[in-house]
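Colleague: After the structure tokens below, expect a handful of questions from me.
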């Protein structure tokens, strides 16, 4: 019998075993495949409600009787003015109100004597939900200030530009695809996550699980080498992993392209080309992570022990992209060579609609491919050690 | 035929635990050889070495002339080992469990199908054949594990404490099977700490204690040699009662 036949025998058995594990299948399907699109729908809905809020600003005002002209200006700008409750500060702290405009009682007197009048914008900037209301209230007040100031200058025969030496224009270079940054992050993150989660249950079951149920010893007495056995198990886990990743991405593809999601004004693109690029970028990880999981799994005498060992790996894989995302600095060139970080970098690029040149893909694949070989070798050595027999 | 020559194996960081310490014996074809010894005498380690699962520190052993270290993979094709660890794949059926090992041993196609059918029928597993193994009783698991170990029709059969956890009916069934295998010319080596088991079944008995062969021969020879009436007395006279719980 050729070695390839033996390996194929192991692959077939492991795949059948995995597909029949109903609990693992359910958990995998839920965490990797359904959760991503669900999250996405949630985030898009939050974004949509925020956009609605920005469009129709509700502004409670305290002391509106002191500044009728300002109130009229705000009302012309479609702001819904209401009377602020007396305890508005407490309500803002509690998150019941987003922002309140408080007009100083001395407003009229100050205006009459030509001094700067005071209005106070009260808010809690730590609340993400309130941010768009705060921003639009601020910019409306600034606009009113500018209009009023220009009018005063014009009355005195001075060109309005004299009082405004700097003219600031906002030019946002983000393409429509770039602006949904959080959504981009989520999709890339989930792609990475799927490549870890997809193989986890299967890898642990075929290593620590095999030790736990005492089926490893008779298997090791079969005429196949440790390398053949490990390669067979790895090929099965990686195949399953690839399947989970493909299904996860397909879930995103279907959600983003066909689900009735609210129009957020982010023409976010995740089409067939992006799907293909994602799979290509994740391919090295689909090889690497199952190999590492097999090695870690073999170190555990029981499934429970192996799961504890795996949590360290889980932590690294789930934290790296988060750190990378929030550092917000331009990535150093060497980052491409680092497993997981390199993939996350390329995934983010793919989502911004950029192509992935082979020159960028190759370095990102180099370390994972080398580490895969190393992990498989280490696992083969581990499985041929006498200590794996000592289960009890 | 199994020939064991001064086989030794130690464990521990400084190799201070001598599990098997220079064991030599022969197990003939067409005979059942029993390894009898108290817990910790080195029976499992010895059988694991013969099954090529662990390498000896010193000494050698051959199975039908094949060395257990140098011809490891050939040896694996000639032995059927039923170890203490006899876990099955719960999500596979009895038939699939046996087929997996058959395929790994190089059987394919109709030869594999025929052999698996024959074994399942012979062991009375025909009705369970296509049920998943996770619901099986101890005895049923044992039968599947035996079928798995015998699927490639090995010349030598190694069994480590095969009667552990089995009921009387299953033990009797196992004895009948081993006698049948003996009459078809197989070399059977089995370990036990149960005196009656060994007495009822074995042509030759090798008594192990502290990793060494304390005595060997047929039941009658051992009784004559020690002047004791029963095998149990032989055992105690050779190893001393200091081994037991009362010590």
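Colleague: From the C-alpha coordinates alone, can you work out the Kirkwood hydrodynamic radius of chain B, in Å?
Modeller: This gives a value of 18.7 Å.
Colleague: With a 10 Å cut-off between alpha carbons and a GNM built on chain A, which of A:21, A:87, A:205 moves the most?
Modeller: A:87
Colleague: Separate question: What FRET efficiency, computed as 1/(1 + (r/R0)^6) with R0 = 45 Å and r the Cβ-Cβ distance, is obtained for residue B:55 and residue A:124, rounded to the nearest 0.05?
Modeller: The computed FRET efficiency comes out at 0.05.
Colleague: Over the Cα atoms of the stretch A:56-163, Rg to Rh with Kirkwood Rh, two decimal places?
Modeller: 1.01
Colleague: Right, here's the next one. To the nearest 10 degrees, how steep is helix A:226-258 against the longest Cα principal axis of chain A, on a 0 to 90 scale?
Modeller: For helix A:226-258, the angle is close to 30 degrees.
Colleague: For the stretch A:56-163, what is the relative contact order in percent, using Cα pairs closer than 8 Å and at least 6 residues apart in sequence?
Modeller: Once normalised by length, the contact order is 24 percent.
Colleague: So for chain A, averaging the separation of alpha carbon pairs under 8 Å that are six or more residues apart and normalising by length, what relative contact order in percent results?
Modeller: Computed value for chain A: 20 percent relative contact order.
Colleague: Which one of A:108, A:305, A:169 has the biggest mean-square fluctuation once chain A is modelled by GNM with Cα springs under 10 Å?
Modeller: Evaluated over chain A, the most mobile residue of the options is A:169.
Colleague: Using 0.36 nm times the number of residues separating residue B:223 and residue B:175, minus their current alpha carbon distance, what extension gain do you get?
Modeller: Going from the current span to full extension adds 15.0 nm.
Colleague: Using only Cα atoms and rounding to the nearest 10 degrees, what angle (0 to 90) does helix B:138-150 make with the longest principal axis of chain B?
Modeller: So the helix axis and the longest Cα principal axis differ by about 90 degrees.
Colleague: Right, next: Taking the radius of gyration and the Kirkwood hydrodynamic radius from Cα positions alone, what is the Rg/Rh ratio for the stretch B:138-236, to two decimal places? Working shown, then result.
Modeller: Values: Rg = 14.5 Å, Rh = 14.6 Å.
Over the Cα atoms of the stretch B:138-236, Rg/Rh equals 0.99.
Colleague: Using only Cα atoms, tell me the angle between helix A:358-383 and the longest principal axis of chain A; keep it within 0 to 90° and round to the nearest 10.
Modeller: Helix A:358-383 sits at roughly 40 degrees to that axis.
Colleague: Let me ask another. Summing -39500 (n - 2.57) over the DSSP H runs of n ≥ 4 in chain A and dividing by its residue number, what mean residue ellipticity at 222 nm do you reach, to the nearest 500 deg cm²/dmol?
Modeller: -21500 deg cm²/dmol
Colleague: Here's something else I'd like to know. Give the relative contact order (percent, whole number) for chain B; include only Cα pairs under 8 Å separated by 6+ residues.
Modeller: So the answer I get is 28 percent.
Colleague: Which of A:197, A:222, A:319 ends up with the largest GNM mean-square fluctuation for chain A, with Cα atoms connected below 10 Å?
Modeller: The residue that fluctuates most here is A:222.
Colleague: Hey, another quick one. Can you compute the label reach from residue B:74? Point 7 Å from Cα along the Cβ direction, backbone N cut-off under 20 Å, restricted to the stretch B:89-126.
Modeller: B:105-107
Colleague: Suppose R0 equals 30 Å; then what is the FRET efficiency for residue A:27 and residue B:117 from their Cβ-Cβ distance, rounded to the nearest 0.05?
Modeller: The formula returns an efficiency of 0.25 here.
Colleague: Once the cut-off is 38 Å, how many percent of the Cα-Cα pairs in the protein assembly as shown end up in the long-distance tail?
Modeller: The answer is 54 percent, as a whole percent.
Colleague: Alpha carbons only, please: Rg and Dmax for the stretch B:2-77, in angstrom.
Modeller: Over the stretch B:2-77's Cα set, Rg and Dmax evaluate to 12.3, 40 Å.
Colleague: For residue A:358 and residue B:130, FRET efficiency with R0 = 60 Å and r from the beta-carbon atoms, rounded to 0.05? Show your work: numbers first, answer last.
Modeller: Values: r = 50 Å, r/R0 = 0.84.
Efficiency, rounded to the nearest 0.05: 0.75.
Values quoted throughout were computed directly from the atomic coordinates according to the rules given, and no laboratory measurement underlies them. Keep in mind it's a predicted model, so treat the numbers as computed, not measured. Cβ sites come from the backbone with ideal geometry, for glycine too, and all protein chains shown count toward neighbours.
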